[in-house]
1. Restricting to the range 261-277, give me the number of residues that are under 15 Å from residue 125 (Cβ atoms) and in contact (Cβ under 8 Å) with a residue 12 or more places away in the chain.
2. On the basis of being closer than 30 Å to residue 305 by Cβ, buried (at least 19 other Cβ atoms within 10 Å of the Cβ) and over 13 Å from the mean Cα position of the chain (by Cα), does residue 188 make the cut?
3. Looking at residue 309, is it on the phi > 0 side of the Ramachandran plot and either assigned by TED's automatic domain parsing to the domain that holds residue 78 or in contact with a helix residue (DSSP H, G or I) (Cβ under 8 Å, 6 or more places away or on another chain) (or both)?
4. Run down 210, 201, 293 and say which single residue is assigned to a helix (DSSP H, G or I) and out of contact with any helix residue (DSSP H, G or I) (no Cβ under 7 Å at 6 or more places or on another chain).
5. For the range 219-233, give me each residue that is assigned to a loop (DSSP other than H, G, I, E, B) and within 19 Å of residue 201 (Cβ to Cβ).
6. Out of (1) in a helix (DSSP H, G or I); (2) surrounded by fewer than 17 Cβ atoms within 10 Å (Cβ to Cβ); (3) assigned by TED's automatic domain parsing to the domain that holds residue 12, the odd one out for residue 46 is which?
7. Are there any pairs, at least 6 apart or on different chains, whose C-beta atoms fall under 6 Å, with the first in the range 195-208 and more than 20 Å from residue 255 (Cα to Cα) and the second at pLDDT 95 or above and surrounded by fewer than 21 Cβ atoms within 10 Å (Cβ to Cβ), and if so, which?
8. Hey, among the residues in the range 224-242 that are under 24 Å from the mean Cα position of the chain (by Cα) and surrounded by fewer than 16 Cβ atoms within 10 Å (Cβ to Cβ), which one's nearest to residue 289 (Cα to Cα)?
């Protein structure tokens, strides 16, 4: 899987831009801070996920003064080509098409373009709250199975409806509210239990490759382990019934898959509170490498790897270990300075003030 051509119009700081990265191997995007390097990765990420890799709102992607941005890319998988086209308006719905046909799901887009993103913000996978880790698991599930993407959306819809009912009740439980709550509880129990099971199974699949990657990155320090932790025990219907009084009082759903977490430990200790920053960064990178490996195993091949200024946050030993761990396939890397000596690019693109201005052949 590779991006063979990328074209932008009114995207971020680019009035127009074009680049043709190496389909197999490493393309380095080099330039000063603010030149637009990350925006090029963000454009690729948007085509794959319809989300900003920086968590920015959609309107922030449109160049100041413009009403819409357009992103196009040609991709290639096993000699099969595809054309991705996204229109991103400041207001109103956007659209994404592949070969002139609308894309409806993340899994559908992933058959033509999938990405794994490494960035300095990945530290939040370890340091951040449970929602960050749940989103990580759900993103991986969505790229592998369209039914999982639909399951996540169904759970979110049920939780919104249940929360609205709890607010409407105002802490009081009458017969009508009780009967309606039972309906939503049954639906949440079915979909929520299924989603938790999918996440737990995925955590189990990720555990071994993440531990192996962490061992390489951390240089033989204590082992890393993963465990999916539910916010309830036993049957979810029974747990919701037991929590009903508290839910009415607080006007929120206090148990369910939206309260679960992925526990990450280094040795016997939770990494979020007890690991050093170097250990935490190694754990975050290990999670990304593990999910990349899982998504590379089936057809249509490995996702495009987007490395956003990742080496600036690593010491020399961890940077060298990451280079050794980089899988085959297309890699796009941004940097404001020359990358470590262990990085041997196939192509270097210079990015200056919102323009891709020159190409330097690597190796």
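1. Initial filter on the range 261-277 (under 15 Å from residue 125 (Cβ atoms)): 261-266, 270-273, 275, 277.
Adding the requirement that they be in contact (Cβ under 8 Å) with a residue 12 or more places away in the chain leaves 261-266, 271-272, 275, 277.
Counting residues in the range 261-277 that are under 15 Å from residue 125 (Cβ atoms) and in contact (Cβ under 8 Å) with a residue 12 or more places away in the chain gives 10.
2. On the way: closer than 30 Å to residue 305 by Cβ: no; buried (at least 19 other Cβ atoms within 10 Å of the Cβ): yes; over 13 Å from the mean Cα position of the chain (by Cα): yes.
No.
3. Details: on the phi > 0 side of the Ramachandran plot: yes; either assigned by TED's automatic domain parsing to the domain that holds residue 78 or in contact with a helix residue (DSSP H, G or I) (Cβ under 8 Å, 6 or more places away or on another chain) (or both): yes.
Here the answer is yes, as residue 309 does meet what is asked.
4. On the way: 210 fails: out of contact with any helix residue (DSSP H, G or I) (no Cβ under 7 Å at 6 or more places or on another chain); 293 fails: out of contact with any helix residue (DSSP H, G or I) (no Cβ under 7 Å at 6 or more places or on another chain).
Within the list 210, 201, 293, the selection yields 201.
5. The initial filter retains those residues of the range 219-233 that are assigned to a loop (DSSP other than H, G, I, E, B), namely 219-223, 230-233.
Within the range 219-233, 230, 231, 232, 233 qualify.
6. Single failed check for residue 46: (2).
7. none
8. Initially, the range 224-242 is screened for residues under 24 Å from the mean Cα position of the chain (by Cα), giving 224-231.
Among the residues that remain, those that are also surrounded by fewer than 16 Cβ atoms within 10 Å (Cβ to Cβ) are: 227, 229.
Working: 227: 17, 229: 22 Å.
Here the answer is 227.
The values are calculated or read from the model by the stated rules, or taken from the named source; none is laboratory data. If you're wondering where the values come from, they're calculated on a predicted model, not measured in any experiment. For neighbour counting, all protein chains shown are included, and Cβ atoms are generated from backbone atoms with ideal geometry for every residue, glycine included.
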